[in-house]
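Asks: One structure follows; several queries about it will come next.
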Amino acid sequence: MNFKKFSFLSLSLLGAFNLFAQNPIFQTMFTADPAPMVYNDTLFVYTTHDEQTTSNFFTMHDWQLFSTVDMVNWTAHGTVASLGDFKWSEVKNGAWAPQCIERNGKFYFYCPIHGDGVGVLVADSPYGPFKDPIGRRLVEGPRVWDDIDPTVFIDDDGQAYLYWGNPGLHYAKLNEDMISIDTSIGNIGVVSLDMTPEAFGKREVEHERYKTNYEEAPWLYKRGDLYYMLFAAIGIPEYIAYSTAPTATGPWTYRGVIMGRHPDLAFTNHPGVVDYKGNSYFFYHNQGLPGGGGFNRSVCVEQFNYNADGSIPEIIPTKEGIVNGVAKLNPFIRVEAETIAWSEGVKIGRDSEAGIYVTNISNGDYIKVRDVDFGKGAKRFQASVASATQGGQIEIRLGGVNGTLVGVCNVGNTGGAQKWDVKSAKIKKAKGVHDLYFVFKGAEGELFNFDWWKFL
Ligand code: FUB
């Protein structure tokens with residue numbers, strides 16, 4: 001199904017239904033394999049990117065970055081790295097599940113290139129630009145085709161570990177430079193775990209390649225004294241399960257399923273867990289966007305609490321996602337238009353002047369921004385926009401797509417789709433905390449591009 005057409009035709013039907021939807025958390029493209037990372041006061045989520053496809057395999061060329069400071073509004077930062085960054089690899093389709101970690105002010109991004117093993121990129125900022133510091137694959141696993149889904153973790157003593165693999169689980173100790181491995185252990189630095197039922201669960205149906213419930217998508221972290229290894233389990237369709245251990249290298253004990261099968265989940269799933277501003281969050285993916293499927297997936301998040309003994313409860317996927325944000329949004333400073341709690345119809349674009357902006361805007365599309373704190377009130381609205389057509393209007397509403405209309409910003413032709421101009425509108429009765437809606441109106445076709453907004 002064509003997402004754009006679906007959105008336009010079904011807007012009125014979906015409006016009420018989506019009033020409380022927060023999952024999937026990114027609606028402007030298909031994303032999967034979430035890898036959350038907290039740095040300073042921001043939560044970053046690196047994802048893979050499913051190109052919209054009708055084929056029966058993954059079409060994945062690049063990795064995307066999103067961030068939040070409140071858990072309900074997400075800012076898209078666009079493509080953060082792509083297969084082209086690995087000049088030594090000729091793989092053209094296979095940008096699979098990555099993870100990024102910070103060490104001493106540098107950001108190390110471990111990327112599986114399906115069919116060519118795991119590479120590493122490094123940057124001075126979480127946003128990139130990421131560069132390949134070694135010009136070759138990082139690890140030589142037992143079978144390069146199986147070397148996917150790296151997870152990286154730095155232990156309290158400074159030792160960094162990289163785990164990866166499908167159908168086996170392997171690890172290497174990273175040297176302090178994070179771009180080479182300690183070759184003194186295992187088979188030239190690679191240790192393949194003994195896949196026992198005690199460690200990763202007894203597979204109910206015997207399988208030639210898979211000896212336990214472990215399938216792929218490992219996610220390693222430590223909480224208190226316990227090391228956690230979450231993973232995609234039990235075959236296709238995948239569940240999320242986990243094991244724990246007293247050290248980063250085991251011995252692992254299987255602890256059971258965290259997320260089982262549910263309608264809207266894809267045949268793969270992929271965990272990412274993080275604590276942020278005092279809460280614990282579980283990231284995963286589903287196929288819940290219009291046009292979604294096993295190769296057109298979407299990242300979601302749920303909040304959870306550990307049990308008193310440190311075990312992880314069963315987590316049920318929801319459409320509501322995060323109900324309570326952890327901060328209010330200040331509308332009196334420039335806010336990127338691609339900071340979105342929920343949207344319908346729009347996509348993101350990039351140019352050298354504006355950076356990332358919202359594009360593909362048609363009549364009836366909208367953007368919702370949650371928990372906007374207007375304080376004692378706003379008087380004017382400003383938006384940076386660009387239009388090569390007759391433009392349209394931004395209806396500024398509170399509380400819903402049909403909520404209180406507090407202003408209308410007219411956007412005319414600015415002389416080009418990348419000719420940015422600031423338009424403004426008078427605002428009435430916007431006080432206190434509200435969910436803000438930008439509802440786009442105009443004639444048929446694309447109306448304008450939208451880079452940022454601000455209230456005065
Ligand atoms: O996204 C491609 C692959 O599908 C990932 O590497 C696996 O974890 C599964 O999600």
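Asks: Can you work out ³J(HN,Hα) from phi for every residue in the range 153-167, in order, using Karplus 6.51 cos²θ - 1.76 cosθ + 1.60 and θ = phi - 60°, giving whole Hz and x for Gly and Pro?
Replies: So the Karplus estimates, Gly and Pro as x, are 8, 10, 6, 4, 8, x, 6, 9, 10, 10, 10, 6, x, 8, x Hz.
Asks: Please list 21-29, 329-337 highest first by mean number of surrounding beta-carbon atoms within 10 Å per residue.
Replies: 21-29, 329-337
Asks: Sticking with this one: Search the structure for amide H atoms under 5 Å from the amide H of ALA417, placed 1.01 Å from N in the peptide plane, and list their residues when 5 or more places away or on another chain.
Replies: ALA388
Asks: Could you tell me what percent of the accessible area of the range 347-430 is made up of carbon and sulfur, with a 1.4 Å probe and every protein chain present?
Replies: Working: 1640 of 3650 Å².
Ligands and nucleic acids excluded, carbon and sulfur reach 45 percent.
Asks: Taking 7 Å along the Cα-to-C-beta vector as the label spot, tell me the GLU353-GLU320 distance in nanometres, rounded to one decimal.
Replies: Once both label points are built, they end up 4.5 nm from each other.
Asks: If you don't mind, there's one more thing I want to ask. Return the calculated 222 nm mean residue ellipticity for the chain, to the nearest 500 deg cm²/dmol, obtained by summing -39500 (n - 2.57) across DSSP H runs with n ≥ 4 and dividing by the residue count.
Replies: One gets -1000 deg cm²/dmol as the mean residue ellipticity at 222 nm.
Asks: Please state the charge dipole magnitude for the chain, taken about the Cα centre, from unit charges on C-beta atoms (+1 on K and R, -1 on D and E), reported in debye and rounded to the nearest 20. The partial results should precede the final answer.
Replies: Values: 40 positive and 51 negative charges, 414 e Å.
For this selection, approximately 1980 debye.
Asks: Averaged per residue, what accessible surface does the chain expose to a 1.4 Å probe, in Å²? Walk me through the numbers on the way to the answer.
Replies: Working: 18230 Å² over 456 residues.
About 40 Å² of surface per residue is accessible.
Asks: With a point put 7 Å past each Cα toward its Cβ, work out how far LYS431 is from SER280 in nm, to one decimal.
Replies: 4.3 nm
Asks: Specify whether the C-alpha gyration tensor of the range 49-166 places it in the rounded, prolate or oblate class, a ≥ b ≥ c being the square roots of the eigenvalues: rounded for a/c under 1.5, otherwise prolate if a/b is larger than b/c and oblate if not.
Replies: Details: a/c = 1.58, a/b = 1.06, b/c = 1.49.
Note, shape of the range 49-166 comes out oblate.
Asks: Separate question: With an 8 Å cut-off on Cα pairs and a minimum separation of 6 or more residues, tell me the relative contact order of the chain in percent. Intermediate results must be reported in sequence, preceding the final value.
Replies: Working: 1266 pairs, mean separation 64.5, N = 456.
Reported as a whole number, the value is 14 percent.
Asks: Taking θ = phi - 60°, what integer Hz values does the Karplus form 6.51 cos²θ - 1.76 cosθ + 1.60 yield along the range 309-323, in sequence order, with x for Gly and Pro?
Replies: These are the phi-based 3J(HN,Hα) values: 8, x, 6, 9, x, 5, 10, 9, x, 10, 7, 6, x, 7, 7 Hz.
Asks: How many percent of DSSP beta bridges within the chain run antiparallel, rounded to 5? Write down the numbers at each step before the final one.
Replies: Numbers: 125 of 126 bridges.
Counting DSSP beta bridges with both partners in the chain, the antiparallel share is about 100 percent.
Asks: Leaving ligands, DNA and RNA out of it, report the carbon-plus-sulfur percent of the accessible area of the range 23-304 at a 1.4 Å probe.
Replies: Details: 4900 of 10130 Å².
Looking at the range 23-304 in its full context, I get 48 percent from C and S.
Asks: Taking H placed 1.01 Å from N in the peptide plane, check which residues at least 5 places from ALA160 or on another chain put their amide H under 5 Å from its amide H.
Replies: Here the answer is ASP155, LEU174, since their amide H atoms fall under 5 Å of that of ALA160.
Asks: Something else now. Say R0 is 51 Å: what FRET efficiency, to the nearest 0.05, do LYS222 and ASN330 get from their beta-carbon distance? List each step's numbers first, then the result.
Replies: On the way: r = 34 Å, r/R0 = 0.68.
Computed FRET efficiency for LYS222 and ASN330: 0.90.
Asks: I'd like the Karplus ³J(HN,Hα) series for the range 410-426: coefficients 6.51, -1.76, 1.60, θ = phi - 60°, whole numbers in Hz, and an x wherever there's a Gly or Pro.
Replies: 7, 10, x, 5, 9, x, x, 5, 10, 8, 7, 9, 9, 10, 9, 8, 7
Asks: In nanometres, what is the gap between the two model label sites at ILE188 and ASP156, each 7 Å from Cα along Cα-to-Cβ?
Replies: 3.6 nm
Asks: Continuing with the same structure: Over 19 Å between Cα atoms, which of LYS222/LYS328; LYS347/LYS368; LYS202/LYS222 qualify? Before the final figure, lay out each step's value.
Replies: On the way: LYS222/LYS328 30 Å; LYS347/LYS368 14 Å; LYS202/LYS222 24 Å.
Among LYS222/LYS328; LYS347/LYS368; LYS202/LYS222, the Cα-Cα distance tops 19 Å for LYS222/LYS328; LYS202/LYS222.
Asks: Going by amide H atoms built from the backbone, whose H comes under 5 Å of the H on VAL372, apart from near neighbours?
Replies: When sequence neighbours closer than 5 places are left aside, the close amide H contacts are LEU329, HIS434, ASP435, LEU436.
Asks: Once both axes come from the Cα atoms, what is the angle between helix 3-17 and the longest principal axis of the chain, in degrees from 0 to 90, rounded to 10?
Replies: 80 degrees
Asks: Separate question: Can you give the % of DSSP beta bridges in the range 254-381 that are antiparallel, to the nearest 5? Write out the running numbers ahead of the final one.
Replies: Details: 21 of 22 bridges.
If we restrict to bridges inside the range 254-381, about 95 percent are antiparallel.
Asks: Let me make sure I get this right: for the range 134-177, a, b and c are the square roots of the gyration tensor eigenvalues over alpha carbons, sorted descending. Under 1.5 in a/c it's rounded, otherwise prolate if a/b > b/c, else oblate. Which is it?
Replies: The shape class here is oblate.
Asks: Per-residue counts of other Cβ atoms within 10 Å, averaged by peptide: what ranking do you get for 86-96, 45-55, 290-300, highest first? Display every interim value, and only then the final one.
Replies: Working: 86-96: 16.3, 45-55: 19.5, 290-300: 22.1.
Ranking, from highest mean packing down: 290-300, 45-55, 86-96.
Asks: Additional query: Please check which bits of the range 347-364 a label hung off GLN418 would reach, taking the label as a point 7 Å along Cα-to-C-beta and the cut-off as backbone N under 17 Å.
Replies: It comes to 348-360, nothing else.
Asks: Where the convex hull is taken over the Cα atoms of the chain, what is its projected area averaged over directions, in nm²? Walk me through the numbers before you get to the answer.
Replies: On the way: hull surface 86.1 nm².
Spelled out: convex hull of the Cα atoms, projected over all directions, averaged, 21.5 nm².
The values are calculated or read from the model by the stated rules, or taken from the named source; none is laboratory data. All values derive from a computational prediction rather than experimental measurement. Cβ sites come from the backbone with ideal geometry, for glycine too, and all protein chains shown count toward neighbours. Quick note on the areas: whole protein, heavy atoms, side chains included, nothing else; ligands and nucleic acids left out. Shrake-Rupley method; radii C 1.70, N 1.55, O 1.52, S 1.80 Å.
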